[in-house]
1. What number of residues within the range 1-42 are more than 16 Å from GLY55 (Cα to Cα), among the acidic types (Asp, Glu) and either touching a Cys at 6+ places or on another chain (Cβ under 7 Å) or open to solvent by 100 Å² or more (accessible area, probe 1.4 Å) (or both)?
2. Being at pLDDT 95 or above, under 14 Å from the mean Cα position of the chain (by Cα), part of a helix (DSSP H, G or I) and surrounded by 10 or more Cβ atoms within 10 Å (Cβ to Cβ) narrows it down to one of LEU58, LEU53, so name that one.
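The values are calculated or read from the model by the stated rules, or taken from the named source; none is laboratory data. Note that the structure is a prediction, hence the values are computed from the model and not measured. So basically every Cβ, Gly included, is an ideal-geometry build from the backbone, and we count neighbours across all protein chains shown. Surface accessibility is based on the protein's heavy atoms, side chains included, excluding ligands, DNA and RNA. Shrake-Rupley method; radii C 1.70, N 1.55, O 1.52, S 1.80 Å.
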Amino acid sequence: MELGRELLIAFCLMLILEGAIPFLYPQRWQNLVQQLAGMDERTLRIIGLVSMLMGTVLLYVVRS
């Protein structure tokens, strides 16, 4: 499978997973978004970095 197709599949799966939470739990999602809006930029960056690192490690484990 070519890289472009794999990236497109990964993007589609990300959209499905990202959309599932607000679809299933809209009130909880709104509360979470409000909490995130109140966080400082540094904390959000750390959360993003940890998320990317976890994704990278999990991808490595799955692909091995």
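1. Adding up the residues that qualify gives 2.
2. On the way: LEU58 fails: at pLDDT 95 or above.
Among LEU58, LEU53, only LEU53 is at pLDDT 95 or above, under 14 Å from the mean Cα position of the chain (by Cα), part of a helix (DSSP H, G or I) and surrounded by 10 or more Cβ atoms within 10 Å (Cβ to Cβ).
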